Amino acid sequence: MQRGSGQVGDPAAASQQAEPAISSPSATTWLVAWHGDLAAWLDQLGWLRTLSDWLTAELGPVHERYRDNLVVELLHGGRWVGHPLHPALSDLPIGLWAGVMVLDATDRDRASQRGIDAAGMLSAAGILAAGATALTGLNDWTVSNDQDRRVGLFHGLLNTVALGLQGASLGTRVAGHRGTARALGAASLAVTAAAGYLGGHLVFTKGVMVSRVAWAIEPRRWTRVLQEADLPDESPAAVVAEGRQIMLYRHRGTLYAIDNICSHAGGLLSRGPVADLTVTCPLHGSRFGLADGCVSRGPASQPQPVLPTRIRNGWIEVRGSQPAPRRPAKGRTQP
Ligand code: FES
């Protein structure tokens with residue numbers, strides 16, 4: 001196959017340019033942009049903002065007062081689970097209520113029947129699971145920010161509607177009105193799917209409750225970040241090495257360096273207080289040990305990466321977790 005050079009005047013390139021567009025730009029743009037537009041539209045709803053602000057004012061102080069409570073931390077998932085609990089729990093009601101749909105769709109007995117059948121059992125189990133999922137979601141919501149908070153609230157409201165529909169479905173099912181129960185169950189699952197989509201948007205598009213330091217590996221070589229004389233004792237300093245934000249701290253002559261971006265939601269740790277070699281994130285109060293980066297209080301579930309440090313010629317130098325391989329000495333070949 002002959003290939004053109006791709007330069008102006010090249011016949012092959014000219015024929016490529018002459019090819020018709022395969023679809024209209026506006027249609028393709030809408031297809032790939034509607035989810036972002038939806039989140040932006042939700043974010044500017046006045047009533048949603050008002051409700052979000054009111055709930056924040058009511059629940060924020062409560063979460064702050066009880067954030068040392070182990071139950072509150074466990075509802076986040078926290079350091080023991082290693083990742084958030086809410087997304088895992090949310091699979092339960094979705095799966096159980098999908099099971100209700102399958103049983104209803106394959107049930108040939110249309111006679112009115114009082115009491116609870118297999119589909120009713122799944123429906124009830126899903127309602128219980130949805131209650132636990134809502135509790136963890138509400139707990140996570142109190143430590144979210146800005147647009148994520150508004151979209152998260154709408155996600156929660158949809159789930160509340162779905163829970164109400166499923167409850168009504170179970171009630172009518174037990175009363176023997178199977179046709180109504182099926183319709184309400186189907187409506188509940190449809191609303192749950194819409195809520196689940198918004199939950200996916202929050203996690204996969206916005207990175208809510210996803211570790212903000214998962215890709216932090218730079219710098220690959222020892223890099224100067226600050227003159228030693230410019231780092232006061234017992235006072236955090238923010239520095240940057242190859243784009244990575246790092247917090248430095250010196251205590252009794254020992255240097256500590258950890259990622260400055262909080263693994264929970266990106267708070268700047270250098271702006272938080274340090275006590276007993278533990279830094280508290282100023283955004284939602286996660287605590288990390290400076291020596292090992294371990295979480296000693298959530299909502300963070302992932303530790304802060306720790307960077308090795310050294311002092312050379314009066315400069316503090318740091319290096320990331322994946323140092324570049326040594327260059328082979330001149331004249332030698334690598335095995
Ligand atoms: S950003 Fe939430 S605890 Fe740090």
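The values are calculated or read from the model by the stated rules, or taken from the named source; none is laboratory data. Here the structure is a predicted model, which means the values were calculated and not measured. As a convention, Cβ positions derive from the backbone with ideal geometry for all residues, glycine included, and neighbour counts pool all protein chains shown. Calculation scope for accessible area: heavy atoms of the full protein, side chains included, ligands and nucleic acids excluded. Shrake-Rupley method; radii C 1.70, N 1.55, O 1.52, S 1.80 Å.
Descriptive notes on the structure:
- Rg/Rh for the chain, where both radii come from Cα atoms and Rh is the Kirkwood radius: 1.13
- L92-H251 FRET efficiency (beta carbon distance; Förster radius 51 Å; 0.05 resolution): 0.65
- Counting only alpha carbon atoms, the long axis of helix 178-200 and the longest principal axis of the chain meet at about 10°.
- Probe 1.4 Å, accessible area per residue of the chain, Å²: 56
- You can think of it this way: the chain between T56 and R114 has 16.5 nm of extra reach, that is 0.36 nm per residue less the Cα-Cα gap.
- Taking the C-alpha atoms only, the angle from helix 46-65 to the longest principal axis of the chain is near 70 degrees.
- The slack between D146 and L277, meaning 0.36 nm per residue of separation minus the straight C-alpha distance, is 44.1 nm.
- Fully extending the segment from T29 to D230, taken as 0.36 nm per residue of separation minus the present Cα-Cα distance, adds 67.3 nm.
- For region 69-126: span of alpha carbons on each principal axis (Å, largest first): 51, 19, 10
- Sites matching chymotrypsin sites (Phe, Trp or Tyr not before Pro) across region 43-107 that sit in DSSP coil, with at most 16 neighbouring C-beta atoms within 10 Å: Y66
- Longest exposed-site-free window of the chain, the sites being trypsin sites (Lys or Arg not before Pro) in a DSSP loop that have at most 14 other C-beta atoms within 10 Å: 115-219
- Computed helical MRE - 222 nm, the chain, DSSP H runs ≥ 4 contributing -39500 (n - 2.57), nearest 500: -15500 deg cm²/dmol
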